[in-house]
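The values are calculated or read from the model by the stated rules, or taken from the named source; none is laboratory data. The model shown is predicted, which means the values in this text are computed figures rather than measured ones. Cβ atoms come from the backbone with ideal geometry, glycine included; neighbour counts cover every protein chain shown. What goes into the accessible areas is simple: the full protein's heavy atoms, side chains included, and nothing from ligands, DNA or RNA. Shrake-Rupley method; radii C 1.70, N 1.55, O 1.52, S 1.80 Å.
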Amino acid sequence: MSGHALIIDYGSQYTQLIARKTRAAGYYAEILPAGQPLGPALAKEPGALILSGGPASVNSPGAPTLDPAILASELPILGVCYGMQLLTQNLGGRVGRAPTNPEASDGANQIRARQTGDPQSGDLKGGEYGPAEFSLTVDSPLWAGLGPRLEVWMSHGDSVTALPPDFEVIGQTRDLPRAAMASAAKKIYGLQFHPEVHHTQGGERILLNFLRLAGLEPTWRVGSLVETLTADLARQIGDGQVLLALSGGVDSTVAAALLSRAIGKNLHCVFVDNGLLRHQEAQEVKAALLGEFPDLNLIAVDAAQLFLSRLRGVTDPEKKREIIGQAFVDVFTAEAKKLGPIEFLAQGTLYPDVIESSSPYGPSAMIKGHHNVRWLSKDLAFTLVEPLRDLFKDEVRVLGASLGLPEKLLWRHPFPGPGLAIRILGEVTEEALAVTRQADKIILEELERSGLAREVWQAFAVLLPVKSVGVMGDGRSYLRALAIRAVTSVDAMTADWARLPDSLLARWSSRLINEVPGINRVLYDISTKPPSTIEWE
Ligand code: XMP
């Protein structure tokens, strides 16, 4: 592939946004974590390099450094925040502590740092976090179609205190005289603010201006990948047999559709009913899939008793995940044995999973034992097939639509592999499952009826291990509380609680209290991620 952008990731929470925005505009972009060898990525002949932000200070020992191959490539470069500072340091300029914004107390800084999702910026004194007014002081191709002032999003402790030779300032804020720099001759640019975040006015335009001045063309379309991906899969698998863990979620469904197109009957999809699914989910998934792919080899395994018996008495969230992951492995291994020799295991791994597992800060940043399939790849001697590993979720939906999958399947809310087990705080019993399942059904029904289901990333019930006193009829009740979690998000990495109309909250409350036995109190969770997470466990 040529003419794409290569993004070097120095650990910013926003790096993926850069790739998503440029891809959505038709410019293919790949992310490479800093510290990994550049050779193979450069061999694919990118046409431009983007250096991301990151939480470190370029002056701290152990901070990620600039690979000399980056400057040696002589490609156009855009450095964002940390990326700008790295360029400055390596091209003969200077980086120091940013001036303290007199309006920002330490407390305010910490709050802003939390809002920006940058775990280390909360410790910083000085610097700028949040919106700033930016003036475009020089006519530059980077500013084409913009100006003269933009509200931009800042999140930095350091800043450029002396420009490298041959660079000029092309924009500033009140506190930062060198907020953007350029060497037009070398086509190297630096921005102290984050053009990739939603809050930066004209940010996407700036990214696209850079790619355009680098000579790239917006020719990439996810839908046109169907033929290439199908041919690649057919070549990789040949006559081999493939086992696919099908959850009925978007990723595994699209993976199944692609593989079925590539290898037909050599694909064996295993759908496990682990007893932790939503109301009627097993039946619905089976019906929907067979409706779309009547020829699909779909093996539905009822393993509810196995999962529930292993979960008995367990309350620790990570222990639950581990037990469920291991039970999945056991079920799949047994099915694989029944099917005869199976060489490949297919997974709907997405690009964010690939990037996160190779983050410059390593797996220590892992908050929860996600990715149920983690255990699979470790324990089973299969070759992995991951047809979606270069794509983001929104791209997978577009691909699914190009494959002819119906919207109903493509727009299902994500549902975690451990299912309702991580939405029942405390022990997972049949009774707790019945309560949570019924509450979940009501929440989804009413959300659907309100017409807001697409605005919401996920909405679900969480059964709490807390009892409270209530009054029902003339009697006292002492029953459990149930929380509703409804969030908006673009990629589940950050999330906000959904601002839903009172009428919907009222419908939820009244139906839940009246129809679901065992609860007498309904709460609406108003926590953002971070610092909370979407699921409660
Ligand atoms: P958190 O709770 O970390 O969740 O904010 C982010 C997204 O991931 C889903 N999730 C999981 N998915 N296995 C999964 O397949 C898991 O163990 C798991 N835990 C959380 C969650 O529903 C949300 O969409």
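Please work out the Cα center distance from region 251-329 to region 396-446, rounded to the nearest Å. Cα centroid to Cα centroid, the span is 12 Å. Working note: Karplus 6.51/-1.76/1.60 with θ = phi - 60° gives region 388-401 the couplings 10, 5, 9, 10, 8, 4, 5, 6, 5, 5, 5, 4, x, 5 Hz, where Gly and Pro are set to x.
Put simply, the amide H of residue 391, placed in the peptide plane, has neighbours under 5 Å in 351, leaving out anything fewer than 5 places away on its chain. Against the chain, whose longest principal axis is taken from its Cα atoms, helix 225-237 shows a tilt of about 70°.
Which whole-number percentage describes the relative contact order of the chain, with Cα contacts under 8 Å and a sequence gap of 6 or more? Don't jump to the answer; show the numbers that get you there.
Working: 1044 pairs, mean separation 58.8, N = 537.
Here the relative contact order equals 11 percent.
Protein heavy-atom surface of the chain, 1.4 angstrom probe: 52% of the accessible area is carbon and sulfur, with nucleic acids and ligands not counted.
Just the Kirkwood number for the chain, please: inverse of mean 1/r across all distinct Cα pairs, in Å, one decimal.
Values: mean 1/r = 0.0394 Å⁻¹.
Computed over Cα pairs of the chain, the Kirkwood hydrodynamic radius comes out at 25.4 Å.
With the simple model of a label 7 Å out from the Cα in the direction of the Cβ, residue 59 to residue 184 spans 3.2 nm.
Dipole magnitude for region 418-521: computed about the Cα centre from +1 point charges on Lys and Arg Cβ and -1 point charges on Asp and Glu Cβ, it is near 200 debye. Summing Lys and Arg as +1 and Asp and Glu as -1 over all other residues whose Cβ lies under 12 Å from the Cβ of residue 234 gives a net charge of -1.
For the residue pairs 393/529; 21/393; 338/393; 265/286; 286/441, alpha carbon separations beyond 21 Å are given by 338/393.
Backbone phi angles across region 179-187, fed through the Karplus curve with coefficients 6.51, -1.76 and 1.60 (θ = phi - 60°), yield HN-Hα couplings of 7, 8, 9, 8, 10, 4, 5, 8, 6 Hz in residue order; Gly and Pro are listed as x.
Would you work out the charge dipole size for the chain about its Cα centre, treating the Cβ of every Lys and Arg as +1 and the Cβ of every Asp and Glu as -1, and quote it to the nearest 20 debye? Please list the in-between numbers first.
Numbers: 51 positive and 60 negative charges, 109 e Å.
Here the chain has a charge dipole of around 520 debye.
Taking the solvent-accessible surface of protein heavy atoms with a 1.4 Å probe, what is the per residue accessible area of the chain in Å²?
On the way: 23150 Å² over 537 residues.
I get 43 Å² per residue for this part.
Within the shell of other residues whose beta carbon sits under 13 angstrom from the beta carbon of residue 26, the net charge comes to +2, with Lys and Arg scored +1 and Asp and Glu -1.
Helix 430-450 against the longest principal axis of the chain: what's the angle in degrees, Cα atoms only, rounded to the nearest 10? Taking the Cα atoms of the chain, the angle to 430-450 is about 60 degrees. All distinct Cα pairs of region 5-213 go into the 1/r average, and the inverse of that average, the Kirkwood radius, is 16.8 Å. Figure note: 493, 84 ranked by solvent-accessible area, largest first, 1.4 Å probe, ligands and nucleic acids not counted: 493, 84. Here the spin labels are modelled as points 7 Å beyond Cα on the Cα-Cβ line, and at residue 212 and residue 283 they lie 5.5 nm apart.
Karplus-based coupling profile of region 504-513, in residue order and whole Hz: 6, 4, 5, 4, 4, 4, 5, 5, 4, 5, with θ = phi - 60° in 6.51 cos²θ - 1.76 cosθ + 1.60 and x standing for Gly or Pro. Taking amide hydrogens as placed 1.01 Å from N in the peptide plane, the amide H of residue 200 sits under 5 Å from those of 153, each at least 5 positions away in sequence or on another chain.
Taking a sphere under 15 Å around the Cβ of residue 8 and counting the other residues whose Cβ falls inside, with K and R at +1 and D and E at -1, yields a net charge of -3.
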